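Single-structure report; data block below.
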Amino acid sequence: MSILVAGADPIAGYEDLVSYIEEGEKPKADWRIGTEHEKFPFRSKTRTPIPYDGPNGIRAMLEGMTRFGWQPVLEGEHIIGLTCPDSMANVSLEPGGQFELSGAPLEMLHQTCSEVHDHLAQVKEVGGELDICFLGTGFTPDWAREDIPVMPKGRYGIMTEYMKKVGSYGLDMMYRSCTVQVNLDWSTEGDMVKKFRTALALQPIATALFANSPFTEGKPNGFTSFRSQIWTDTDKARTGMLPFVFEDGFSYERYVDYALDVPMYFVYRDGTYHDVTGKSFRDFMAGKLEGFEGEMPTIGDWSNHLTTIFPEVRIKKFMEMRGADSGPWNSICALPAIWVGLLYDGGVLDAAWDMVKKWTPDTREELRWEVPKTALATKVAGVNVMDIAREMVDMSRAGLKARGQTDGVGADETIFLSTLEEILDKGKTRADEQLDAYNGRWGSTIDPIYDEYAF
């Protein structure tokens, strides 16, 4: 989850909420790529989770990272994240200690992949001194929920108690899952609408391509992306495929109306998180929020609230693709690549929208429910996921080639699609390959995953 935003500017009215999102509009020349990825820290000798405290804990890991110029983010006496003074990049902690890099907004995929490489080199250096390694999967393959330490961030205590009330998988989402996502820009409201609809329809296909979480507590769990499955029953008020995005007249205002009624988690004041779970931001706007009667929210409150909404695609001042399991280094580079190729070229975006615009709400929903089980083998309502995935990658390749962004030796951005092309050529996701290994050379144990999928 993002590092908390502190903003004291009071909201004058509804128009400020809309304007906040509208401020994300940028001319195409200013479009950027922001890549985020999470990973599980584990003790290299025992392959167990890492506590926050102690000489070799998460706190020590964060403190060690400051040698590279990162600045600590504190909550009370606890260091709970890092910021880079030279860019907009930050490192944050997920509830179970998952380490997240939220990368800087960069122009080219070559830069974002270099950023990932540098970050992983840093965590490997510091982690090596502390007996900490990092695992690239979408769900922890063998840890029980009760084995995972809780990070000392106030909002996570509030969320933990609330998740118990609204779904069966919420705590698994918080403590046992990892994702990789990309944040992208738009130019106009119309451009946002087309990108949102296209990305939302195709998000299950991305889930299939990046499926990488077939184990729970040491055994096959019946899914290829259990990380994706847990979002189906985490909190239905703030997750899902957002059918209203495809309705006529979808706009910034319509998304704001949706967000106003998504239940809140907290209000942050003077270093304290105040539990307002289940209450409405709409009531906050009306001065009727229990405990804050007569007080109007700030822009910071609105920004923080938008980060607590978890649909498959969401917008703030940029658009986030949220459908992929975390994975190894080449997956982290491939995820932004496929979406940049699809969404940053006008002709390719039009072709991608033409491919999916006739899908019915039932088709989109069925894809969302079936893909976590069968990934690329999924077929629903005449939609063959393998075929759509091939078209998706081909379109993305055309879009990346048209961008013409090359590295120092003349390679363009299409090189980052090679791992997806390999998956499609084999017809096997990483989850499929892990299951084959489990039933074969791994000898019905998941222990080798800590060697083969570690950074």
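The values are calculated or read from the model by the stated rules, or taken from the named source; none is laboratory data. Just so we're clear, the structure is a prediction, and the values are computed from it rather than from any experiment. Here the Cβ positions follow ideal geometry from the backbone for every residue, glycine too, while neighbour counts run over all protein chains shown.
List of remarks:
- Residues that are of a type in the set (Ser, Thr, Tyr), surrounded by fewer than 21 Cβ atoms within 10 Å (Cβ to Cβ) and touching a helix residue (DSSP H, G or I) at 6+ places or on another chain (Cβ under 7 Å) number at least 1 in the following helices (runs of 4 or more DSSP H) confined to the range 121-213: 154-166.
- Counting only strands (runs of 3 or more DSSP E) wholly contained in the range 10-83, the ones carrying 1 or more residues that are in contact with a Ser or Thr (Cβ under 6 Å, 6 or more places away or on another chain) and free of Cβ contacts under 8 Å to residues at least 60 places away in the same chain occupy 71-75.
- The range 403-438 - residue that is aliphatic (A, V, I, L, M) and loosely packed, with under 13 Cβ neighbours inside 10 Å and, of those, farthest from the chain's Cα centre (by Cα): 409
- Options 396, 418: the member that is touching a helix residue (DSSP H, G or I) at 6+ places or on another chain (Cβ under 8 Å) and either touching a residue at least 60 places away in the same chain (Cβ under 8 Å) or in a loop (DSSP other than H, G, I, E, B) (or both): 418
- Any hit, the range 436-448, residues being of a type in the set (S, T, N, Q) and in a helix (DSSP H, G or I): no
- Some residue of the range 358-379 being more than 30 Å from residue 261 (Cβ to Cβ), in contact with a Phe, Trp or Tyr (Cβ under 7 Å, 6 or more places away or on another chain) and modelled with pLDDT of 95 or more: yes
- Residue that is farthest from residue 402 (Cα to Cα), among those in the range 347-365 that are touching a residue at least 24 places away in the same chain (Cβ under 8 Å) and part of a loop (DSSP other than H, G, I, E, B): 359
- Single unsatisfied condition, residue 92 versus (1) part of a loop (DSSP other than H, G, I, E, B); (2) within 25 Å of residue 26 (Cβ to Cβ): (1)
- Test: residue in the range 283-304 that is touching a residue at least 24 places away in the same chain (Cβ under 8 Å) and touching a His at 6+ places or on another chain (Cβ under 6 Å): no
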